[in-house]
Amino acid sequence: MVRKKGSLILCGAFLFVAWNALLLLYLWGRPPIGRLGEGGGAEPGGKEEWGMGKGKGGRVNLAGEVIRLAEEVEIQLETQKKLLKQIESHRALWAQQKDIGKREADDTKDVKDGVVHQPPKPPLPLKDDVGDKDQTELKHTQSPAHTVASDTKVGQHQAIEIKKEVFKNNELMTSVDSPEVVIPILVIACDRVTVKRSLDRLIQYRPSPQLYPIIVSQDCGHTETARVIGSYGDQVTHLRQPDLSDIRVRPEHRKFQGYYKIARHYRWALNQVFNTFSQSTVVIVEDDLEVAPDFFEYFRALYPILHSDPSLWCVSAWNDNGRDALVDPSKAELLYRTDFFPGLGWMLLKEMWDELEVKWPSAFWDDWMRQPEQRKDRSCIRPEISRTITFGRKGVSLGQFFDQYLRYIKLNTEFVPFTKQDLSYLLKEKYDEKFIRDVYSAPLVKIEDLQQGGNLKGPGPYRIQYSSRDSFKVFSRNLGVMDDLKSGVPRTGYRGIVSFLYRGRRVFLAPPEGWSRYDTSWS
């Protein structure tokens, strides 16, 4: 290929020089424009018409001929310049086609290896009573999934096309030119027209539509909400959950019908992202969440940590104890591990979904996630200052905790360049050693000392020790942090320790040193 292109370049150069040499000879021997002679007359208004082209004795004016020749050469050179520009533009196109050809060859090899050498996986069944009807209604046209025959050239060709074109209109595939992973944002929507507030912020802060495609999955069939989502055009992908039927539940659970429908919707939507769109990760937000300016930066930086540390199973943008008075506004970059699943803007990997989907609950999915059978001693990452806030008091929970806690959560406003920071301190081995040392080396004080503050000097940290479920609840209420426990785990807790600010001092509400496990009877 290189030899062939070199020959073409030499041939082109030779033709260019030869053409200009012939052109020069032609112009030199050509009679002047407008000259009287054979087959032509004087150009009206030209010098020849008035006999001005000749000097005395009828001789040709040499200076005039040279000027004429120079002018015509200049015109021809301008033409050649345009041709060279066209050749240069085609040269860039040839280079681009060469790169595409090379990538296609690589893709062919990858797909061939994958198709020939990997055993076919059976499709993951959906267990949400949708039946055989279509699982997806997309706002934009999408390419259907194909079954690829591994032993035919046609099958291999289809595999390459699938890899390049599946859901091209929605731009949900990882770019072949970019090493960065695509992180889709899945917005779970129902009947809140205020989803506009959530989508406006997501689009405002989104650094790249290609790396962060927004997928809005709508349940409930609410027309006005669908119209709001549709108004964003191709800035988002609009999915509609097809099964809007009521779910058969026990008589005493009829009032919880909404929780059953939410669990069904989550399963369907996550299956779309991971199994239909073939994504490797997703960030899930609900339609009543507003995001911070560094929301995308936060998840981009923490994706490698989540991917590499098997003791982690999610990254959350939420701090349950993130009220203004309980967080340090000067530490927007501060991150923690937590044993409590926070939700409210969280990242999940496909491998984890594969584990959870087969046993996904019919209702109350978030509390189910907090059970030890699902958590398996794994943790999440959460921030000091929340990267999401909720503005939705309306919902199936009828405003539980909203008026008392959620409406006061502080949203981060300072952009933190997390991707330029070393976040390896969050890996379990490093984190545990330092965190436990910091907590149990802090002075042990009584709650009265904190509340009065007279005998305490400096910003802390200080440690308050609880030893039972009741003492934890009493201390939590008095210090202003959330006092509920799920499967024995306190909100934001890590190894039983809750970290927060109280009247400007760092406080660790902690069990006795040597803690080993959570007591599920504390729930």
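The values are calculated or read from the model by the stated rules, or taken from the named source; none is laboratory data. Note that this is a predicted model, so its numbers are computed, not measured. With ideal geometry, Cβ positions are generated from the backbone for all residues, glycine too; neighbour counts draw on all protein chains shown. Surface accessibility is based on the protein's heavy atoms, side chains included, excluding ligands, DNA and RNA. Shrake-Rupley method; radii C 1.70, N 1.55, O 1.52, S 1.80 Å.
(1) open to solvent by less than 70 Å² (accessible area, probe 1.4 Å); (2) of a type in the set (D, E, K, R); (3) not in a helix (DSSP H, G or I): which one isn't true of residue 200, the others all being true?
(3)
Mind checking which residues of the range 270-297 are acidic (Asp, Glu) and more than 11 Å from the chain's Cα centre (by Cα)?
286, 287, 288, 290, 294
Being more than 19 Å from residue 181 (Cβ to Cβ) and in a strand (DSSP E or B) is the filter; apply it to the range 276-290 and report the residue that is least open to solvent (accessible area, probe 1.4 Å). Break it down stepwise before answering.
Here is the first cut: in the range 276-290, the residues more than 19 Å from residue 181 (Cβ to Cβ) are 286-290.
Now narrow it down to the ones that are in a strand (DSSP E or B): 286, 289-290.
Details: 286: 56, 289: 1, 290: 25 Å².
Here the answer is 289.
Given (1) part of a helix (DSSP H, G or I); (2) in contact with a strand residue (DSSP E or B) (Cβ under 7 Å, 6 or more places away or on another chain); (3) open to solvent by 10 Å² or more (accessible area, probe 1.4 Å), identify the lone condition not met by residue 272.
(3)
What single numbered condition from (1) in contact with a Phe, Trp or Tyr (Cβ under 8 Å, 6 or more places away or on another chain); (2) closer than 21 Å to residue 410 by Cβ; (3) in contact (Cβ under 8 Å) with a residue 24 or more places away in the chain; (4) not hydrophobic (A, V, I, L, M, F, W, C) fails to hold for residue 462?
Looking at each condition in turn, residue 462 falls short on (2).
Can you give me the ranges of the helices (runs of 4 or more DSSP H) entirely in the range 419-484 with at least 3 residues that are in contact with a Lys or Arg (Cβ under 8 Å, 6 or more places away or on another chain) and closer than 16 Å to residue 497 by Cβ? Break it down stepwise before answering.
Numbers: elements: 428-440, 447-452, 469-479.
So the answer is 428-440.
With respect to residue 360, determine if the residue is closer than 22 Å to residue 260 by Cβ and not hydroxyl-bearing (Ser, Thr, Tyr).
Yes, satisfied.
Considering only residues that are open to solvent by 40 Å² or more (accessible area, probe 1.4 Å), touching a residue at least 12 places away in the same chain (Cβ under 8 Å) and not aliphatic (A, V, I, L, M), which ones fall in the range 247-266?
256, 259, 261 - these are the residues of the range 247-266 that are open to solvent by 40 Å² or more (accessible area, probe 1.4 Å), touching a residue at least 12 places away in the same chain (Cβ under 8 Å) and not aliphatic (A, V, I, L, M).
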